[in-house]
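Asker: Shown below is the structure under consideration.
The values are calculated or read from the model by the stated rules, or taken from the named source; none is laboratory data. Keep in mind that what you see is a predicted model, and the values were worked out from it rather than measured. FYI the Cβ positions are ideal-geometry reconstructions off the backbone, even for glycines, and counts take in every protein chain you see. Protein only, heavy atoms only, side chains kept; ligands, DNA and RNA dropped before computing areas. Shrake-Rupley method; radii C 1.70, N 1.55, O 1.52, S 1.80 Å.
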Amino acid sequence: MPENEPLPLDFDELLAAEYDYIAQTANQAHEDRARVSSFYLIAVGSLLAAMFGTQLFDPGFYSKTVNLMFSGLFVLLTLLGTSTIMQLARLRAAWYESAQAMNQLKEFMVSQNESLIKAFRWTTNTLPPRYKTASVSYYQALEVALIGGLMFGAATFFLQQAFFPINLLTWIVSTISSLSMIYLQLYVYKRSLK
């Protein structure tokens, strides 16, 4: 075969293989999203179960060191939650990129055969946006943000308890810090997708 002559390609097989690859990457993004959020929930649940399973709920047990230790652990879980939020945003973006690639391939196929236009519901113009509040991705991010906010509120509570007696102000500061962290994590998710 001469060097200048292009190799013969079966375009149908090539298109089918590309379409299959894109579909697999989109599906992988969905599976990874479930694993990421599950890992965070298990990490938080394990810590809480360990706390409830010990005698740490004896009011006389809490020393300044123990309170600081718990505050640090809850800050760590908050940071893990923020990391999880960023991963969820990246996985949503990966799914979106796969959907765009699939639509590009569909548009090419339609340009080759106009009758295919009726076969495809999603096109580039009808593709859901990257950041969509009514999506499973957003609900998972919201769940992680709520738990992350709760973890940060707990960190704030234990930090205050290490230095001050518990009073109404302790609860107010913990609640405000918790709500602020929920907002911040949801902002990080949204910002990562814009």
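Asker: Within the range 102-113, does at least one residue satisfy the condition of being in a helix (DSSP H, G or I), among the basic types (Lys, Arg) and surrounded by 22 or more Cβ atoms within 10 Å (Cβ to Cβ)?
Answerer: no
Asker: Looking at this structure, is Pro128 open to solvent by less than 30 Å² (accessible area, probe 1.4 Å), without any contact (Cβ under 8 Å) to a residue 60 or more places away in the chain and either of a type outside the set (Ser, Thr, Tyr) or under 21 Å from Asp32 (Cβ atoms) (or both)? If you could, list the steps in order and put the result at the bottom.
Answerer: Numbers: open to solvent by less than 30 Å² (accessible area, probe 1.4 Å): yes; without any contact (Cβ under 8 Å) to a residue 60 or more places away in the chain: yes; either of a type outside the set (Ser, Thr, Tyr) or under 21 Å from Asp32 (Cβ atoms) (or both): yes.
Taking the combined requirement at face value, the residue satisfies it.
Conditions tested, residue by residue: (1) open to solvent by less than 60 Å² (accessible area, probe 1.4 Å); (2) of a type outside the set (Asp, Glu); (3) over 15 Å from the mean Cα position of the chain (by Cα).
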{"residue": "Thr133", "(1), (2), (3)": "no, yes, no"}
{"residue": "Ala155", "(1), (2), (3)": "yes, yes, yes"}
{"residue": "Phe158", "(1), (2), (3)": "yes, yes, yes"}
{"residue": "Phe164", "(1), (2), (3)": "no, yes, yes"}
{"residue": "Ser177", "(1), (2), (3)": "yes, yes, yes"}
{"residue": "Tyr187", "(1), (2), (3)": "no, yes, no"}
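Asker: From the list Phe61, Phe120, exactly one residue is modelled with pLDDT under 80 and surrounded by 12 or more Cβ atoms within 10 Å (Cβ to Cβ). Which is it?
Answerer: On the way: Phe61 fails: surrounded by 12 or more Cβ atoms within 10 Å (Cβ to Cβ).
Exactly one residue qualifies, and that residue is Phe120.
Asker: Restrict the check to the range 158-181 and report whether at least one residue is among the hydroxyl-bearing types (Ser, Thr, Tyr) and under 26 Å from Asn27 (Cβ atoms).
Answerer: Here is the first cut: in the range 158-181, the residues among the hydroxyl-bearing types (Ser, Thr, Tyr) are 170, 174-175, 177-178, 180.
Cutting the leftovers down to under 26 Å from Asn27 (Cβ atoms) gives us none.
No: the range 158-181 contains no residue that is among the hydroxyl-bearing types (Ser, Thr, Tyr) and under 26 Å from Asn27 (Cβ atoms).
Asker: How many residues, within the range 149-194, are assigned to a helix (DSSP H, G or I) and either in contact with a Pro (Cβ under 9 Å, 6 or more places away or on another chain) or among the basic types (Lys, Arg) (or both)?
Answerer: Looking only at the range 149-194, we keep the residues that are assigned to a helix (DSSP H, G or I), and these are 149-163, 168-193.
With either in contact with a Pro (Cβ under 9 Å, 6 or more places away or on another chain) or among the basic types (Lys, Arg) (or both) added as a condition, the list becomes 190-191, 193.
Within the range 149-194, residues that are assigned to a helix (DSSP H, G or I) and either in contact with a Pro (Cβ under 9 Å, 6 or more places away or on another chain) or among the basic types (Lys, Arg) (or both) number 3.
Asker: For the range 121-130, does any single residue satisfy the condition of being of a type outside the set (Val, Ile, Thr) and farther than 28 Å from Glu18 by Cα?
Answerer: Pass one, the range 121-130, residues of a type outside the set (Val, Ile, Thr): 121-122, 125, 127-130.
Cutting the leftovers down to farther than 28 Å from Glu18 by Cα gives us none.
No, the range 121-130 contains no residue that is of a type outside the set (Val, Ile, Thr) and farther than 28 Å from Glu18 by Cα.
Conditions (1) at pLDDT below 85; (2) of a type in the set (Lys, Arg); (3) under 23 Å from Ala23 (Cβ atoms); (4) open to solvent by 70 Å² or more (accessible area, probe 1.4 Å), marked per residue:
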residue: Thr65; (1), (2), (3), (4): yes, no, no, yes
residue: Ser71; (1), (2), (3), (4): no, no, no, no
residue: Thr82; (1), (2), (3), (4): no, no, no, no
residue: Gln140; (1), (2), (3), (4): no, no, yes, no
residue: Ala145; (1), (2), (3), (4): no, no, no, no
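Asker: Before we move on, is Val36 crowded, with 17+ Cβ neighbours inside 10 Å, at pLDDT below 85 and β-branched (Val, Ile, Thr)?
Answerer: Taking the combined requirement at face value, the residue satisfies it.
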